[in-house]
1. Determine, yes or no, whether Met374 is in contact with a Pro (Cβ under 8 Å, 6 or more places away or on another chain) and assigned to a helix (DSSP H, G or I).
2. If Asp315 satisfies all but one of (1) crowded, with 21+ Cβ neighbours inside 10 Å; (2) more than 22 Å from the chain's Cα centre (by Cα), what's the number of the condition it fails?
3. From (1) at pLDDT below 90; (2) under 30 Å from Pro250 (Cα atoms); (3) over 20 Å from the mean Cα position of the chain (by Cα), pick out the condition that doesn't hold for Arg385.
4. Note down all Cβ pairs under 6 Å where the first residue falls in region 304-333 and is aliphatic (A, V, I, L, M), the second is outside any helix (DSSP H, G or I) and buried (at least 17 other Cβ atoms within 10 Å of the Cβ), and they're at least six residues apart or on different chains.
5. Of everything in region 189-231, what is open to solvent by 60 Å² or more (accessible area, probe 1.4 Å), in a helix (DSSP H, G or I) and more than 20 Å from Ala154 (Cα to Cα)? Give them in sequence order.
6. Starting from region 94-108, take each residue that is farther than 18 Å from Tyr155 by Cβ and list its partners that are surrounded by fewer than 23 Cβ atoms within 10 Å (Cβ to Cβ) and charged (D, E, K, R), counting only C-beta distances under 8 angstrom and pairs at least six apart or across chains.
7. Going by what's in this entry, would Ala58 be described as assigned to a helix (DSSP H, G or I), at pLDDT 70 or above, in contact with a helix residue (DSSP H, G or I) (Cβ under 9 Å, 6 or more places away or on another chain) and surrounded by fewer than 21 Cβ atoms within 10 Å (Cβ to Cβ)?
Amino acid sequence: MKLLKKLFAPTDMTEGAPWKKITLFAIPMLIGNIAQQLYNTVDSIVVGKYVGDNALAAVGSAGPILNLLLVLFIGISVGASIMVSQYFGARNREELASTIGTCITLTAISSVIIMIIGPLVTEPLLRLLNTPESILDWCSSYLIILFVGVAGMAYYNILSGVLRGLGDSVSALLYLLVATVLNIVLDVLFVASFDMGVAGVALATAIAQAVSSVLCLWKLLHMKEIFELHKKDLIPTGKHSQDMVRLGLPSGVTQAIFSMAMIIVQSLTNSFGEMFIAASVIVMRVDGFAMMPNFSFGTAMTTYAGQNVGARKYDRVDSGAKQGTLIAVLISAVITGAILLFGKYLMGIFTNTAELVDLSMHLMRILAVGYIAMAVTQSLSGVMRGAGDTMTPMWISLITTVGIRVPIAYGISWLTTTPELPHGNSDCIYISMLISWLLGAVVTYFFYRRGKWKQKGLK
């Protein structure tokens, strides 16, 4: 019983060996990211196997639009997580409660906005992207259901971010695992048994995420040894709202920029036809697993840096950054190697079409080395964000995604246009992504070494 209590208790990362604290905190998140990826992966497997390759393409084409309209939540989540970790490190109960209350209210307001705007802009955006008519209706129904049920998705992502800011990555993992199992069961029930197609996949996801968000809220309300949430805390304060926007807006803008770039590139992707779209969906699902250690250690570094900056222990931040980044790089290298060796078997889970499996594997080989570079980018960006410097990672993302990736993708497409390839070589999508990842790692390392992020902590 004592072991369970310790396992689910907040972790103080201001004491002990940095590498050990970071790794023990990152492992539940890594497992959680696997579960999170299973949401999208199971959706793709179910529609690919039970509905067909075009339905698989429809789910993938909907992704960039969904991500674009979720940037509000990303901003709130990042801002709240940084503030929570720093106030927790400073042992400030009152500021902690007010921050969490403000976060809950802002999420409710943002959810209502997305529920209204999302369904109205879905079809016009899909047509603007030259989405093939064969998958347009499926894409539209998938997105509209997710937008109507967006509150569950928003609250899970934001409240689990708050839990991680408090050093509790285990509870967030447990609730995600519950939701993942529920999602898988509902996917098979709605699609295979009730023949609801793509709409059934969306409905299953919305229900599962609503359940996980309720569990996260329940956990937070029972952490009275850390903070107590009162009705007055739910009224957003000017100070906390401004800090949340200041810290979270750059990450929200980064995601918006990334999503806009993805939408622009998606338009180019769509020009290569349904087969290439479906291959891209498969690659991005496997990509999600390859990126897991990077995102897990990036988030762990944000919490680690936030708590230690709050406690004014900058020497621990530096040592933790070196140790955490090295571990992330090693794990990423192992996972990338495994995907290159066994990737064909993974691709075969999504489709029975041999040509689609071969094309997907070819595209994955282009990206391979980029995952190791992303381990550096995510880890060091996490340190800067945790310290309160969210602007630098935003500018790096802006330059590499919009200034480098999009022009290179369209440039290669134009340069390789032939009568046989009227839209150019489709590899341009993935070559441009690889180049942007490699340059992003170099630039991130440079700005981390400059050290200006050390001046950004909450006063």
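The values are calculated or read from the model by the stated rules, or taken from the named source; none is laboratory data. Computed from a predicted model, the values in this text were never measured in an experiment. All Cβ positions, even for glycine, are placed from backbone atoms using ideal geometry, and neighbour counts span all protein chains on display. Note: areas computed on protein heavy atoms with side chains; ligands, DNA, RNA excluded. Shrake-Rupley method; radii C 1.70, N 1.55, O 1.52, S 1.80 Å.
1. In short, no.
2. (1)
3. For Arg385, the failing item is (3).
4. Ala305/Ala387; Val309/Ala387; Val309/Gly457; Ala311/Thr14
5. Correct list: Leu189, Ser193, Lys231.
6. Listed pairs, sorted by first residue: Ser98/Asp233.
7. no
Here is a yes/no grid of residues against (1) farther than 20 Å from Ala305 by Cα; (2) open to solvent by 50 Å² or more (accessible area, probe 1.4 Å); (3) of a type in the set (Ser, Thr, Tyr):
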site: Arg385; (1), (2), (3): no, yes, no
site: Gly388; (1), (2), (3): no, no, no
site: Met391; (1), (2), (3): no, yes, no
site: Ile399; (1), (2), (3): yes, yes, no
site: Pro407; (1), (2), (3): yes, yes, no
site: Cys428; (1), (2), (3): yes, no, no
site: Ser436; (1), (2), (3): yes, no, yes
site: Tyr448; (1), (2), (3): no, no, yes
